[in-house]
1. Please work out which residue is modelled with the highest pLDDT, limiting yourself to segment 170-222 and to residues that are closer than 30 Å to VAL291 by Cα, assigned to a loop (DSSP other than H, G, I, E, B) and among the polar types (S, T, N, Q).
2. Can you report the number of residues in segment 211-240 which are of a type in the set (A, V, I, L, M) and without any contact (Cβ under 8 Å) to a residue 40 or more places away in the chain?
3. In segment 309-323, which residue that is touching a residue at least 40 places away in the same chain (Cβ under 8 Å) and of a type in the set (D, E, K, R) is farthest from PHE414 (Cα to Cα)?
4. Among all residue pairs at least 6 apart or on different chains, which show Cβ distances below 6 Å where the first residue, located in segment 376-389, is touching a residue at least 12 places away in the same chain (Cβ under 8 Å) and over 17 Å from LEU322 (Cα atoms) and the second is in a helix (DSSP H, G or I) and of a type in the set (Lys, Arg)?
5. Select from segment 360-390 the residues that are outside any helix (DSSP H, G or I) and in contact with a helix residue (DSSP H, G or I) (Cβ under 7 Å, 6 or more places away or on another chain) and write down the one among them that is surrounded by the fewest Cβ atoms within 10 Å (Cβ to Cβ).
6. When residues of segment 375-399 are filtered for being modelled with pLDDT under 90 and among the polar types (S, T, N, Q), how many remain?
7. Would you call LEU86 over 16 Å from LEU222 (Cβ atoms) and either free of Cβ contacts under 8 Å to residues at least 12 places away in the same chain or crowded, with 17+ Cβ neighbours inside 10 Å (or both)?
8. Among the residues that make up segment 250-265, is at least one of them aromatic (Phe, Trp, Tyr) and modelled with pLDDT under 85?
Amino acid sequence: MFQLVRSKQSSLRPLVYFNKVLFNNYDLFNPEISRAVQSSKSLPQIIGFLDLVVTNPKITFNPDRTKLIENSIVSELEEYLLELNLFIQEEASKLRKKGFPSSDSMSESDDMSESDDMPESDDMPEFDDMPEFDDTPESDDMPESDDAPESDDAPESDDAPESDDTPTYNRLGFIKLIKSKHTVNFYHSSPTIDLLTFIDVAYDSNQCIVHNDSVIVYVDGLESVDKCISDVSNSSQSIIVYKFFKNSKIVVSPELKLTFNKKTFSLQSTNLEESLINSFSFEYELTLPIVGELIQQINELWSINKNYKIIIATSLRVIFELCCKFLEDYDSSIITKGKLEDKVFETVSYIKNYKGSDKNFYKNLNNSYTTYDNYFEPNIFSSSVKRSNLGSHGATDKLNKEDIEIIAEHAGYFAQLVDAYLKDKGYI
């Protein structure tokens, strides 16, 4: 319900209410929106209030009640209000041409009937028939309101881009996306995702291409300034919506569901005989990049054929090398230059005596400190590294199945030790 309120004040926007509660946003219904288009159809001095009664749960606000959370239902509501705004602008401008009193003379005619000068128009939409915003999934098209006034310059659909999945061209234009779903897999943090790359093409009502720099991008209902998403550290999902304004029209894209999947590998407990590399005690989630995937592939190869000793022995040594490299990258003070077995010795010696942020670092690997302290002997791990080096050159003659299992055990425990340390320090 919209009511014009005559006043001597020069307020430029009516107040907007949702279910009798003030909505502190002056852009949802902006009377100045057509000022730059055509002055004869502009009436920027509108005051009063707009009271919207909504029941759809998808219409939600940010905590300050200054913005609506963007989605397809909100976009339909915004389009309806835009049509209402433009209609009032045009029809009220006709009243002004017929001698509608200015704000300076309104005080002399407060009892004047509004209905006497109201023009009769066949194109006047019935705004009492508010469109029903249901939860039915929408197509790629912008929703078309039966009550919206027809536009004489609506483009012909024959000139729209030819594609089986191109949305039906309408008078507003459209935004076509390359896909509706996309998954980003990553280990530590996600790469930078340019959200504009998901736009296939965008057309305005004149069938002109809308360039990406004119498109506004919303991530989970909030505008993205740089139009990118980067450094996501955990698995999550975001809804992306694209919008552009052209000739006082709003065009909104279908939703893009962007899923971020953080890759992890779980080291299983030692009672699993099928796996060559297991955790020290309980199930442990390994997040070191590449290392987890390498362990998984070694376990799969071992389960298929235990005779691939040369490949497996060499791969086990790579686990030690990768863990030392990541440790050097994050904390170069622990490891000095030298052979790999020396680096492993220094690493185990240092982390074994590390108390951790909660003074109970050992609990990340085992509930018993005695078990933890007795097992992580630097000499034992250094010896396994030496044997893996021997195996990489003559595994079939020098290493048997039991040797491979011992090296694999130490390689897995070493990876778990380094991973737990880097997590506790907040590096990964």
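1. By that ranking, first place goes to THR192.
2. Residues meeting the conditions: 5.
3. Only one residue tops the list, namely LYS309.
4. That search, which allows pairs on different chains as well, returns PHE376/LYS352.
5. ASN366
6. Adding up the residues that qualify gives 4.
7. For LEU86, the condition - over 16 Å from LEU222 (Cβ atoms) and either free of Cβ contacts under 8 Å to residues at least 12 places away in the same chain or crowded, with 17+ Cβ neighbours inside 10 Å (or both) - is met.
8. Checking segment 250-265: at least one residue is aromatic (Phe, Trp, Tyr) and modelled with pLDDT under 85.
The values are calculated or read from the model by the stated rules, or taken from the named source; none is laboratory data. These figures come from a predicted structure and were not determined experimentally. Heads up, the Cβs are rebuilt from the backbone with ideal geometry, glycines too, and the neighbour counts pull from every protein chain shown.
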